[in-house]
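Visitor: Questions regarding the structure given below will be posed in turn.
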Number of protein chains: 2
Amino acid sequence: MKAVFIGSGNVATHLALALQAKGFTISQVYSRTTNNAEVLANKLKTAYTIDIYEIDRTADIYFYALTDNAFKYFIRNFDVPNALHVHTAGSVSLREFDGFANKYGVFYPLQTFSKNRPVDFSEIPICVEGCNSGVQEQLLEIAKQISNKTFIITSEQRKKLHLAAVFACNFTNYMYDVASMILEDSGVSFEIIKPLILETAEKVQTLIPYEAQTGPAVRYDEKTIRKHLYMLSGKYTFRRMYRILTKNIHKRHKRK
Amino acid sequence: MKAVFIGSGNVATHLALALQAKGFTISQVYSRTTNNAEVLANKLKTAYTIDIYEIDRTADIYFYALTDNAFKYFIRNFDVPNALHVHTAGSVSLREFDGFANKYGVFYPLQTFSKNRPVDFSEIPICVEGCNSGVQEQLLEIAKQISNKTFIITSEQRKKLHLAAVFACNFTNYMYDVASMILEDSGVSFEIIKPLILETAEKVQTLIPYEAQTGPAVRYDEKTIRKHLYMLSGKYTFRRMYRILTKNIHKRHKRK
């Protein structure tokens with residue numbers, strides 16, 4: 001199978017490398033900027049273009065790993081009727097292809113990618129959706145070649161999944177960031193809290209988060225909560241978060 | 001060295017087992033409830049008591065792994081003048097021993113413990129503090145026998161560390177919990193988001209959280225944020241958290 005990648009960001013990079021490693025031909029990379037296109041093309045040892053009119057039109061499958069807006073612009077201005085067109089975005093509906101492609105689908109790897117951090121794609125859940133059952137099966141087959149964790153997920157479910165991921169990844173990382181700021185303030189190295197962060201994530205690999213919940217909020221240890229709020233005097237933003245999250249955790253566990 | 005454990009919760013269990021594995025004699029376990037005392041004593045193959053007057057008074061060191069209030073009550077009612085007395089709490093000052101012990105310190109393992117989940121103590125940071133430099137050195141030596149990550153941390157720093165841990169562990173776990181509720185609502189298994197949770201924690205083992213931040217909030221993708229807020233209509237608690245955390249992340253990264 002011959003594939004073209006539209007986009008050269010983190011998702012494009014990791015996905016293209018994983019597909020190539022499993023024998024897919026990536027014939028070309030498109031990006032708006034020469035530098036980005038070239039970097040990914042070099043990694044894949046393949047061709048690139050920054051001109052939409054020079055995109056290889058003989059591929060079997062086109063992967064769109066673009067921002068939501070760039071994707072909408074692109075799909076309106078690019079047309080290869082016989083090929084399969086798939087986007088890799090969490091929050092873009094399958095319906096966005098309507099009228100702009102005949103065969104289309106979604107191929108959404110649920111992971112946080114960083115450019116210079118290698119990932120083991122076999123452990124990354126891939127959510128697929130197709131415009132019909134044939135396409136869906138085809139995408140599932142492709143997903144199974146690079147990952148052990150494949151799912152058929154509707155656009156509606158994928159949107160919720162993306163929202164859940166904001167909490168489980170983006171907001172979680174911000175909690176780490178707040179912790180790092182508190183430690184920095186008192187001259188304690190962030191190093192010291194790293195094993196706790198890892199164990200917190202590892203715990204919910206076997207326990208459900210509800211059962212894994214610990215801390216002063218869940219047992220409503222008012223004395224400790226008061227001490228913490230006092231320590232956060234003058235840090236209005238942190239104090240407000242502390243209050244709200246503590247209240248929510250307490251409410252959730254009172255219902256036990 | 002002969003040690004007695006006052007308390008039989010998660011910290012007591014894991015710490016006592018780790019010390020025993022390194023050759024320490026745990027001569028007795030005290031707990032207020034027979035069942036808890038017995039469970040831990042069986043694990044350690046040692047004696048237990050639920051009577052404060054029957055605690056072995058010949059030990060070299062007494063570990064207090066109690067709730068803050070229980071600790072304060074206990075230290076006022078228990079006295080072995082020549083022994084070393086140490087508590088294991090994050091948020092209790094060393095000063096709480098003043099007037100109730102001659103030799104005392106803190107031995108705080110920074111980790112989230114669950115009773116039936118084995119932990120590798122060698123990877124757990126241990127924060128020690130002593131009433132004088134001799135005691136401090138002695139506690140550091142004990143810590144080094146069970147862990148590769150030992151730190152001398154003042155009471156003031158430890159309080160901040162405990163607060164940071166609430167964000168990095170307790171609040172983080174609540175973010176997982178919210179994600180699990182969102183997924184449950186849309187019939188998607190929590191399984192699918194587990195690798196993302198793990199990678200988010202693994203990322204900050206090498207990157208600082210500030211640099212690891214991703215998501216719609218950091219790039220202020222208003223369209224996605226609006227979609228998410230719309231999806232959370234009717235879920236007031238989640239919506240409020242989403243708004244506040246997004247705003248905070250955006251503010252933090254605007255200053256770049």
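The values are calculated or read from the model by the stated rules, or taken from the named source; none is laboratory data. Source: prediction; values computed, not measured. Quick reminder, even Gly has a Cβ in these numbers, built from the backbone with ideal geometry, and neighbours come from all protein chains shown.
Visitor: Which condition breaks for B:Ala168 when tested against (1) modelled with pLDDT of 95 or more; (2) under 20 Å from B:Phe63 (Cα atoms)?
Guide: In the conditions (1) modelled with pLDDT of 95 or more; (2) under 20 Å from B:Phe63 (Cα atoms), B:Ala168 misses (2) alone.
Visitor: Among the residues of segment B:207-221, which ones are at the interface with chain A (Cβ under 8 Å from one of its Cβ atoms), more than 27 Å from the chain's Cα centre (by Cα) and over 15 Å from A:Phe167 (Cα atoms)?
Guide: Here is the first cut: in segment B:207-221, the ones at the interface with chain A (Cβ under 8 Å from one of its Cβ atoms) are B:207-210, B:212-218, B:221.
Going one step further and asking which of them are more than 27 Å from the chain's Cα centre (by Cα), we end up with B:214-218, B:221.
Selection gives B:Asp221 alone.
Visitor: Counting only residues that are in contact with a Ser or Thr (Cβ under 8 Å, 6 or more places away or on another chain) and either in contact (Cβ under 8 Å) with a residue 24 or more places away in the chain or surrounded by fewer than 21 Cβ atoms within 10 Å (Cβ to Cβ) (or both), which one in segment B:222-250 is farthest from the other protein chains (Cβ to nearest Cβ)?
Guide: Per the criteria, the residue is B:Arg239.
Visitor: Show the residue pairs that are 6+ apart or on different chains and have beta-carbon atoms under 6 Å apart, the first residue being within segment A:64-75 and within 14 Å of chain B (Cβ to nearest Cβ), the second being of a type in the set (Ser, Thr, Tyr).
Guide: Pairs that qualify, where the first residue is within 14 Å of chain B (Cβ to nearest Cβ) and the partner is of a type in the set (Ser, Thr, Tyr), are A:Phe71/A:Tyr64.
Visitor: If you don't mind, there's one more thing I want to ask. List pairs: first in segment A:125-137 and under 21 Å from B:Ile193 (Cα atoms) and at pLDDT 95 or above, second of a type in the set (Val, Ile, Thr) and outside any strand (DSSP E or B), Cβ under 7 Å, 6+ apart or cross-chain?
Guide: Listed by first residue and then by second, the contacts come to A:Pro125/B:Ile192; A:Cys127/A:Ile153; A:Glu129/A:Ile153; A:Glu129/A:Thr154.
Visitor: Restricting attention to segment B:161-173, does a residue exist that is surrounded by fewer than 24 Cβ atoms within 10 Å (Cβ to Cβ) and more than 7 Å from chain A (Cβ to nearest Cβ)?
Guide: Scanning segment B:161-173, I find at least one residue that is surrounded by fewer than 24 Cβ atoms within 10 Å (Cβ to Cβ) and more than 7 Å from chain A (Cβ to nearest Cβ), so the answer is yes.
Visitor: Sort through B:Ile152, B:Ile124, B:Ile142 and tell me the only one that's crowded, with 19+ Cβ neighbours inside 10 Å, more than 9 Å from chain A (Cβ to nearest Cβ) and either within 21 Å of B:Phe24 (Cβ to Cβ) or not small (Gly, Ala, Ser) (or both).
Guide: On inspection, the qualifying residue turns out to be B:Ile142.
Visitor: Next question, about the same structure. (1) without any contact (Cβ under 8 Å) to a residue 24 or more places away in the chain; (2) in contact with a helix residue (DSSP H, G or I) (Cβ under 9 Å, 6 or more places away or on another chain): which one isn't true of A:His162, the others all being true?
Guide: Among (1) without any contact (Cβ under 8 Å) to a residue 24 or more places away in the chain; (2) in contact with a helix residue (DSSP H, G or I) (Cβ under 9 Å, 6 or more places away or on another chain), A:His162 violates only (1).
Visitor: Report, by residue number, each residue of segment A:181-193 that is buried (at least 21 other Cβ atoms within 10 Å of the Cβ) and either under 24 Å from B:Tyr242 (Cα atoms) or within 24 Å of the chain's Cα centre (by Cα) (or both).
Guide: Once the filter is applied, which keeps residues that are buried (at least 21 other Cβ atoms within 10 Å of the Cβ) and either under 24 Å from B:Tyr242 (Cα atoms) or within 24 Å of the chain's Cα centre (by Cα) (or both), segment A:181-193 yields only A:Ile182.
Visitor: May I ask you to say which residue of B:Val178, B:Val204, B:Val188 is touching a residue at least 60 places away in the same chain (Cβ under 8 Å) and at the interface with chain A (Cβ under 7 Å from one of its Cβ atoms)? Outline the logic, then answer.
Guide: Values: B:Val204 fails: touching a residue at least 60 places away in the same chain (Cβ under 8 Å); B:Val188 fails: touching a residue at least 60 places away in the same chain (Cβ under 8 Å).
Only one candidate qualifies: B:Val178.
Visitor: Now a separate question. For segment A:27-49, give me the residue count where each residue is of a type in the set (Val, Ile, Thr) and either over 22 Å from the mean Cα position of the chain (by Cα) or not assigned by TED's automatic domain parsing to the domain that holds A:Glu123 (or both).
Guide: Our first condition is that a residue be of a type in the set (Val, Ile, Thr); within segment A:27-49, this holds for A:29, A:33-34, A:39, A:46, A:49.
Filter once more, so that each one left must be either over 22 Å from the mean Cα position of the chain (by Cα) or not assigned by TED's automatic domain parsing to the domain that holds A:Glu123 (or both): A:33-34, A:46, A:49.
Within segment A:27-49, residues that are of a type in the set (Val, Ile, Thr) and either over 22 Å from the mean Cα position of the chain (by Cα) or not assigned by TED's automatic domain parsing to the domain that holds A:Glu123 (or both) number 4.
Visitor: Residue pairs, Cβ under 6 Å, 6 or more apart or interchain, first in segment B:30-49 and under 18 Å from B:Asn116 (Cβ atoms), second in a helix (DSSP H, G or I) and not acidic (Asp, Glu). List them.
Guide: Within 6 Å, the pairs are B:Ser31/B:Ala37; B:Leu40/B:Thr13; B:Leu44/B:Ala16; B:Leu44/B:Gln20.
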